[in-house]
1. Which loop trypsin sites (Lys or Arg not before Pro) in region 200-240, with loop taken from DSSP, have no more than 13 other Cβ atoms within 10 angstrom of their Cβ?
2. Sort region 99-251 into rounded, prolate or oblate with this rule: let a ≥ b ≥ c be the square roots of the eigenvalues of the Cα gyration tensor; rounded if a/c is under 1.5, and if a/c is not under 1.5, prolate when a/b is larger than b/c, oblate otherwise.
3. Considering only the chain, what is the antiparallel percent among its DSSP beta bridges, to the nearest 5?
4. Below 8 Å, C-alpha to C-alpha, sequence gap of six or more: please give me the relative contact order for region 1-114 in percent.
5. Where the only charges are on Cβ atoms (+1 Lys, Arg; -1 Asp, Glu), what is the dipole of region 1-73 about its Cα centre, to the nearest 20 debye?
6. 5 Å is the cut-off here: which amide hydrogens, built 1.01 Å from N in the peptide plane, fall below it relative to residue 28, excluding neighbours closer than 5 in sequence?
7. Which value in nm describes the separation of the simple spin-label points at residue 246 and residue 55, placed 7 Å from the Cα toward the beta carbon?
8. Given the DSSP H assignment, sum -39500 (n - 2.57) over each helix run of at least 4 residues in the chain and divide by its residue total; what's the result at 222 nm in deg cm²/dmol, nearest 500?
Amino acid sequence: MGARQLYNQDGHQFILLEGFGHGEMVPTNQAVIANGGECMLLDPGGHKVHYDLMNEVSSLVSLHDLKYLFFSHQDPDIVAAANAWLMLTDAVGYISELWLRFIPHFGVDELLIPRLKGIPDAGMRLPLGSSEVVLLPAHFLHSAGNFQVYDPVSKTLFSGDLGASIAPGYVEVTDFDAHVPTMEGFHHRYMPSATANRLWANMVRGLDIERIVPQHGAIFPDRAMSMRFIDWVEGLPGAAEFMTELYRVPA
Ligand code: FE
């Protein structure tokens, strides 16, 4: 568990906060993008990691500089601590407009609700210091309203649950083939659509990518490994296609 600076040049930083979570929790990766005194925190995690993460983030950047909270989708390991983050910072939270009215069920104070904003299905760009970040559509990977973040300065793609690996035992992928078994189970069950997998691969091939950072497990640390991953996703079957046997009334 700790912070790794993956990029730091000309006042622009991409910081990985890796392996948060303990006990029964799925360990999560968070990330901070900082430029010119403005920051974005990506997928800030649930209640149990909030305190540790808050300490870690505030040791790296001033919490006053936190301009955006990005929520890739509505899962508890991403949004459960939304209220605390909104209360303790002045940041504005962005999540798919599909989930905007579900987040208040986690207990977001009424006064803070106006600081939660919906991302339209087509995605958007947000200014950050002298740069900008791109919120890329990644619907059905795995959530119905799902986004990823591309940072064009560090050339980093934050891919959310896509690329998640379970207990790989390392932070950076060095052997793609050996890494595949740590991703397979999750992707074969959670990623519902082969069409979405293919559309995503096609979209991100148009980006200049130096690394891909998923929300769980190891990262793809360079261009070559990122391309291997994109190729793998392109050929990934959709989980819904394997449900024929399961759609039966239990005996
Ligand atoms: Fe999820």
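The values are calculated or read from the model by the stated rules, or taken from the named source; none is laboratory data. Source: prediction; values computed, not measured. Note that we place each Cβ from the backbone using ideal geometry, even for glycine, and neighbour counts take in every protein chain shown. Areas reflect the complete protein model, heavy atoms only, side chains present, ligands, DNA and RNA absent. Shrake-Rupley method; radii C 1.70, N 1.55, O 1.52, S 1.80 Å.
1. Working: sites: 205, 211, 223, 228; in loops: 205.
Passing both the DSSP loop test and the Cβ count: 205.
2. oblate
3. Around 65 percent of the beta bridges assigned by DSSP in the chain are antiparallel ones.
4. 18
5. Values: 3 positive and 8 negative charges, 8 e Å.
Here the size comes out at about 40 debye.
6. 19, 20, 21
7. Placing both labels 7 Å beyond Cα along the Cβ direction yields 3.9 nm.
8. Rounded to the nearest 500, the figure is -7500 deg cm²/dmol.
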